[in-house]
Amino acid sequence: MKIRSKSARDVFLMGINPVVRFLIISDVLIVGATGMLAPLFALFIEDYIVGSNALVVSVAMGVYLLSRSLLQIPVATLIDKIKGEKDDFALMFIFSVLMALIPLLYLIIKTPAQLYIVQALLGIFTAITYPSYMAIFTRHVDKHKEGTEWGIYYTMTDLGTAALAVIGGYVADSFGFPQLIILVSAISLIGAIALAPIRFYLFKR
C-alpha cells in the first residue's frame, strides 16, 4: 500500500482547496471566540442574571442544545434538496454574522427568561449555520486528503480554542465580562467575514 505524503503546506493551509482554507480560518475564529466565554459562562450567569443558580445555568444550556437539535436535521434536509451552493453560502454567511452578534445580547439581559430566549436564538442560528458549513466543506475537501483536511480542521480549531480560552479568562479577570463579551462578538464577526471570499470560488463553478 502506498502511503500518501503529507506536505507541510497542508498544515499551514497553503496546499489545500481555498474554500476549505477559508472555512477553517473562519471556524478557528468563531469556535475559538466561543471558547473564550464557554468556560466562564456559569460565572457570568451568576454575576449578571437576577435569581441565577445551578438550575438556571443547566436550563440555559439545555435550551440551546434542544433548539439546535430540533432544527438541525430539517435544515440539513432542506439544504440537500436544493441544488447548487448559493443557498448554502447565503445561509452560512448570514447566520454566522447573526451568531457573532448574539453575545451582545448578554449585555442587556437581566432575567432567566431573557437568557433562555437568547439561548434559543443561538441554538436556532447555529442549527442553520452548521449544516450549510459542513455541506460546503464536505464537497470541497481535496480528494485523497479527506483525513488530513478534517484532521487539520479539528487541530486548528482545538488549538485556537485553547489559546483564546486562556485569553478569555485573562480579559474577564482583568477587565470584566462586558469587555470579554464585546471581544468575543468582535472575533466571531471577523470569522464570519472571513467566509466572504468563498463566494468567488463557489459561484464561478
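The values are calculated or read from the model by the stated rules, or taken from the named source; none is laboratory data. All figures in this text were calculated on a predicted structure; none of them were measured in a lab. A quick note on method: Cβ atoms are made from the backbone with ideal geometry, for glycine too, and the neighbour counts reach across all protein chains shown.
Here are a few things to note about the model shown:
- Matching residues, segment 40-63, being within 21 Å of Pro178 (Cβ to Cβ), touching a helix residue (DSSP H, G or I) at 6+ places or on another chain (Cβ under 6 Å) and part of a helix (DSSP H, G or I): Leu40, Ala42, Phe44, Ile45, Val56, Val57, Ala60
- All conditions but one from (1) in contact (Cβ under 8 Å) with a residue 40 or more places away in the chain; (2) surrounded by fewer than 17 Cβ atoms within 10 Å (Cβ to Cβ) apply to Tyr133; the one that does not is (2).
- Here Ile124 passes the criteria (1) surrounded by 14 or more Cβ atoms within 10 Å (Cβ to Cβ); (2) farther than 18 Å from Ala192 by Cα except the one numbered (2).
- Selection from segment 110-119 of residues that are surrounded by 17 or more Cβ atoms within 10 Å (Cβ to Cβ) and either under 19 Å from the mean Cα position of the chain (by Cα) or over 17 Å from Ala38 (Cα atoms) (or both): Pro112, Val118, Gln119
- Restricting attention to segment 170-205 and to residues that are hydroxyl-bearing (Ser, Thr, Tyr) and free of Cβ contacts under 8 Å to residues at least 40 places away in the same chain, the residue that is farthest from Gly32 (Cα to Cα) turns out to be Ser174.
- Annotation note: of Asp142, Asp173, the sole residue that is among the charged types (D, E, K, R) and farther than 28 Å from Asp88 by Cα is Asp173.
- Some residue of segment 84-100 being free of Cβ contacts under 8 Å to residues at least 24 places away in the same chain, closer than 23 Å to Met36 by Cβ and either over 16 Å from the mean Cα position of the chain (by Cα) or in a loop (DSSP other than H, G, I, E, B) (or both): no
- Only listed residue being surrounded by 13 or more Cβ atoms within 10 Å (Cβ to Cβ), at pLDDT below 90 and of a type in the set (D, E, K, R), chosen from Asp87, Asp47: Asp87
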